[in-house]
Amino acid sequence: MGACASSSRASSVPPSLEEKKTFKWMIDGFSSLLDKGDVWTYSSVFEIMGIKWYLKVNPKDKKNGEEYVSLRLELSNPSLKIDTVVNAYFKFLIYDQSYGKHSEHQVTHKFQTASTSSGTSYMIPLKTLNSSGFLLGDSCVFGVQFVKVVTAKANDKSEILFVQKMNTFNEAKVYTWEIEDFFALKNPSYSPEFELDGHKWLLRIYPSGKDKNENYLSLILEMKDIPCKNSANLVELSISIKDQETANHWKRTGRCQFSENSKSWGWPKFMSLEDFKNSSNGYLVKTNFPHHCRLLPPSTRNTELVTSVPANVDS
């Protein structure tokens, strides 16, 4: 798990009755850790308040150009379910072995599967450690004292996204949707269902805008064969309208995750209707309205959807 110095000897000091919520970690041969430099060393896993943890120490951590002895508290992953949050209030300790005292840093942290580390606490400058009772002989004693630990169900929902790279297509694949009269379209209008990249899709166009976006042309891509409940498809998507006079495109791009709860993605404000209908822009010329949709799953695949929409419009 970590880079422990082979010549050091680390042991856990059993807590007294008054320190049932405290873990002490004695490192005998601390100089061997110093020889390793800026490296984290791990304690053994210990259990306090029904949860498994471990400490990490770095004897030469750097902050603002100065070397510090730093501590971190880590949650042992197997001890926590994915929908559980552990709110912990605790103190990092470093013991002065000459006078029986200790220096402490108070910390609060919300531990969960996506955040198992407390972050770094810079306990003491290394030069101070070397001239104090914190380092006695060649041993140092660190610890963590738990003040309060509360375990609860996570309020927010979480998911794990696995992205698999594939190399299926070397050439673009094209779908074309022909619309005879743009101004005869309903709001919304749907393309025929088509299959591409192993999935079934359709395009939605809102010629007078989606929802309250009445001054915009809205374009949406919808997946018809949604994956099973606990999975999703991550897709890189771009939709464009071609300027027929200069061969330039008005394009929107994004990375969208299609799932049971997110069956469609697109742009309610794809383009202002004023710009779209302005013949000088070349997007709507005579009877032609080329509308392109490019679909790229997150890989080196190159899959393309193209919609060509003729409209009965005089120039």
Per residue value of the accessible surface for segment 22-153 (all protein chains in place, 1.4 Å probe), Å²:
46
Through the Karplus equation 6.51 cos²θ - 1.76 cosθ + 1.60, θ set to phi - 60°, convert the phi angles of segment 273-282 into ³J(HN,Hα) values in whole Hz; use x for Gly and Pro.
4, 4, 5, 5, 7, 6, 4, 5, 7, x
Convex hull volume per residue for segment 22-153, taking Cα atoms only, in Å³
103
Pull up the cross-link candidates among the lysines for Lys60, meaning alpha carbon to alpha carbon under 17 Å and not fewer than 8 places away within one chain.
Lys36, Lys127
Cα to Cα, under 27 Å, and not fewer than 8 places away if on the same chain: which lysines meet these conditions relative to Lys263?
Lys157, Lys165, Lys173, Lys186, Lys200, Lys210, Lys212, Lys224, Lys229, Lys242, Lys251
Lysines with Cα under 17 Å of Lys52, excluding same-chain neighbours fewer than 8 positions away:
Lys20, Lys21, Lys24, Lys81, Lys91, Lys110, Lys148
Return the long-range amide H neighbours of Gln97 (sequence gap of 5 or more, or a different chain), with a cut-off of under 5 Å between placed amide H atoms.
Phe134
The percentage of the accessible area of segment 22-153 (probe 1.4 Å, all protein chains present) made up of carbon and sulfur atoms, to the nearest whole number, is 47
What list of ³J(HN,Hα) couplings, whole Hz, do you get for segment 198-212 from phi and the Karplus terms 6.51, -1.76, 1.60, once you set θ to phi - 60° and write x for glycine and proline?
x, 10, 9, 9, 8, 9, 10, 10, 10, x, 10, x, 9, 6, 9
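The values are calculated or read from the model by the stated rules, or taken from the named source; none is laboratory data. The structure presented is a predicted model; accordingly, all values stated were derived computationally and were not measured. The accessibility values were calculated without ligands, DNA or RNA, using every heavy atom of the protein model including side chains. Shrake-Rupley method; radii C 1.70, N 1.55, O 1.52, S 1.80 Å.
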